[in-house]
1. Tell me the mean residue ellipticity at 222 nm calculated for chain A from its helices only (DSSP H runs of n ≥ 4, each -39500 (n - 2.57), averaged over every residue, nearest 500).
2. If r is the Cβ-Cβ distance from residue A:383 to residue B:77 and R0 is 60 Å, what FRET efficiency results, to the nearest 0.05?
3. Just want the answer: with Cβ charges of +1 for Lys and Arg and -1 for Asp and Glu, which residue in B:188, B:287, B:255 is farthest toward the dipole's positive end in the range B:176-313?
4. So which cysteines in chain B don't have a second cysteine's C-beta under 4.7 Å from them?
5. Can you give me the Kirkwood hydrodynamic radius for the range A:54-93, using every pair of distinct Cα atoms, in Å to one decimal?
6. Shielding by partners for B:181-187, please: the mean number of other protein chain Cβ atoms within 10 Å of each residue's Cβ.
7. Relative to a virtual label point 7 Å from the Cα of residue B:254 in the Cα→beta-carbon direction, which members of the range B:181-201 show backbone nitrogen distances below 15 Å?
8. What is the mean number of Cβ atoms from other protein chains located within 10 Å of the Cβ atom of each residue in peptide A:51-59, rounded to a whole number?
Amino acid sequence: MGQGTANPFQDALRFERRAPACALVLFGANGDLTRRKLIPALYRLAYGRRLPAGFAVIGNSRTPFSDDSFRDRMREGIRPFLEGMPLEEEVWQAFARTLHYIAGDIRDPGLYQAIGRKLDEISREAATGGNVLFYLATQPSQYATIAAGIGRAGLNQHSGWRRLVIEKPFGHDLESARELDRELHNVFDESQIYRIDHYLGKETVQNILAFRFGNGIFEPLWNRRYIDHIQITAAESIGVEGRGAYYQEAGALRDMVQNHLLQLMATIGMEPVAAYEADAVRDERAKLLRSIRQMRPEDVDQNAVAGQYDGFRQEPGVDPDSQTDTYAAVTFFVDNWRWAGVPFYLRTGKRLPRRVTDIAIQYQAAPHAPFMEPASGAAGFAANLLVLRIQPEEGISLRFLSKQPGTGMRLRPVTMDFNYGAAGGAGAWDYETLLLDAMAGDSTLYIRQDAVEASWMAVQPILDVWSRKRFDFPNYAAGTWGPAAADEMLARRGHQWRNP
Amino acid sequence: MSELSAEAIRKELSSLWASLEQADEGVVRACSMTLVVFADERDDPAAIGRTLADLMRAHPHRAMLVRVRQGGEPVLEHTVSAQCWMPPGGREQVCCEVVEFTVGESNLGELSPILVALAAPDLPVVSWHRGARAPDTLGLRVDKRIVDSSAFPDAAAALGMLAGEAAAVADLAWARITCWREIVAQAFESAVCRELLPRIETVSVRYSGARVPPEAFYLAGWILHALGREQPVRFEAAANGGRIEGLTLGAAGVSVSFTRHDSSVLIESGSLRNCAACPDRTEAGLLSEEIGAMAREPVFLGALRAAAKLARGGR
């Protein structure tokens, strides 16, 4: 029985999926993302027996740590982020033994030589087969430098697999996204690059595909013949929370719409796939994004609204005259047979009334109403509404009309609710899912470069117009649903925002 | 004894929901299956209640708890109630129905049409036979019957009975070793360990207790089924208290050993040394795993046959 023999003890029906033997090289190991998300996710994978026996982490940052002090730091740092999972001493000790650390400047070629030597040592001792996942939990401005360092040291190619994971933002506009891509592709080919949008790792976002393509009754109604419009909302009740300096360089359109919201839109609007395979799913998402109609400069004011909450300019690190959008609402159209003429309204903002992310599919009213008006008398209230709730109360609800109890035939809207949590929805964390996928070579939930570029192409005309414009900010009060102009944008087409 | 009908119970359930819906916060009804629990009347009702409450969070269901009274006069009594909880971040309570029957062993058959009529339509039906109870469902068609062979006084008889069942059966003793199986599988992901597979000569399972528990027979049976060959197995008594204390797969001059240490398992082979969490699981956790695996499982069936054969052999 040789190395290629399958493991006879596997039981796919019972066991959770597990990562193959590999090493993870973590740049930015002293940072917030590592402490809050990555190490807790790795520990949870270890606790759940989903990490392989042959596994190791090499952390890097400029701060000098020994292996032991790095392990101690990670142990203390992750405690608040385990969300109820026990920090069991023996499991932690076994996991901690896989943690290693190399201090160094990412501009120093010696760093990559040292990482290479350590990887060779790990490959021998932990039998990782030379498989390596490079995870860049650093400032995006450092991606190209690190990729080049990896390439110069020859760490990007090996008989084992080599992969690179990067976090958004992927550029700050279309041109910089392409430039970043060129620099990454000098070292890694597209199949080796895993671009994270953690929204795609959420159970409820994956559930959209299950809902659409696992059931036969919805897809026939999923098109322009039956759907009036779609609203996608990602609202936050908090402000920039000390990230003012970063945020004012980004803004809501770049920080949320260009990536998370457009990925949700692509998931809602994509065509069915023949098989749930990485390239098939990503092809369809990318096709949808490429079908988004590009706005002409003269259309931007009618289809995009920027907002800034009152008080943003007083946040630490924020320019008192800041023109940054803390709210963005956009109307997109998709030029294909399925969606022609159906507006997709996307909005996101900070300091809105509540934290909520959902997708509302507003169906057209019945073609003929033989009954009296609904009790509310509001015509818009009558139509069917399907809401896919992403967070915090994950679930699906369908609003329809039913007879009001009593004599006569008056109708009233009622809601049929499916609560994901009520049906045992305590699933994996998004970072657990995404890390496991990257180690397993499953890129379904990662974004391909063509989708990145298509997303930038959709928002670039808005960015161009907004960059030349001087807004009369602030234009909405904290705790409200955004500027009045956003309401007017929908009212022009006879629609109105829901209160999610 | 008053006449009891499914229709009367349905009306009580409707009244129950009406009263719940009048509460300040709304409630969400949840039901993804029917679970019929057969238990002895003397079983701790609080323990069963906790198990059902925990299980409902993962698998919301209509629970029909049948508490069987041994001996005495015929009896058939019932109560209806709701089990509710607030999901994390939720604004509405989630509620499931619980119908509890107390029935005499001598008139158990009277319950049969009521159970059939009360099973939630168009959803799977699972029966759980708590304690040393044969998986008789009183004529109710079920998709899976769950027992716990470790509750039976004779493991060989229990495993033999399950191996002889044609319909879908499940055993909590099997779910109890999932953690061990995952850890063994994880160790053999390593090419170094995998090379040992054709050379394995000895399989030793260490257990605690007076007799070899079904979990130990399952673990050994699963190993043999996976290796695809007959092989002698040594069962060794240990003293610590977990049902399974350890497993060693040995070849000439080398071995892979798995040793329980509190709530984790230490894996050792040559220079390889690792540790994996393997905490004790609640009854609800075990049931949840079995309910989550409704498909026919060749691995379980193969391991069950091998385990029953080992148990018949005595050691």
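The values are calculated or read from the model by the stated rules, or taken from the named source; none is laboratory data. Everything quoted here is computed from the prediction, not taken from an experiment. Heads up, the Cβs are rebuilt from the backbone with ideal geometry, glycines too, and the neighbour counts pull from every protein chain shown. Just so you know, the surface numbers come from the protein's heavy atoms only, side chains and all, with ligands and any DNA or RNA stripped out. Shrake-Rupley method; radii C 1.70, N 1.55, O 1.52, S 1.80 Å.
1. Details: 14 runs with 151 residues, N = 500.
That comes out to -9000 deg cm²/dmol.
2. Details: r = 49 Å, r/R0 = 0.82.
Once rounded, the FRET efficiency stands at 0.75.
3. The listed residue farthest towards the positive side: B:255.
4. B:31, B:96, B:193, B:275
5. Numbers: mean 1/r = 0.0856 Å⁻¹.
Its Kirkwood hydrodynamic radius stands at 11.7 Å.
6. Working: counts 5, 10, 3, 2, 9, 11, 4.
Averaged over the peptide's residues, the number is 6.
7. Label zone hits: B:187-201.
8. Details: counts 3, 5, 14, 7, 1, 0, 0, 0, 0.
Average per residue, whole number: 3.
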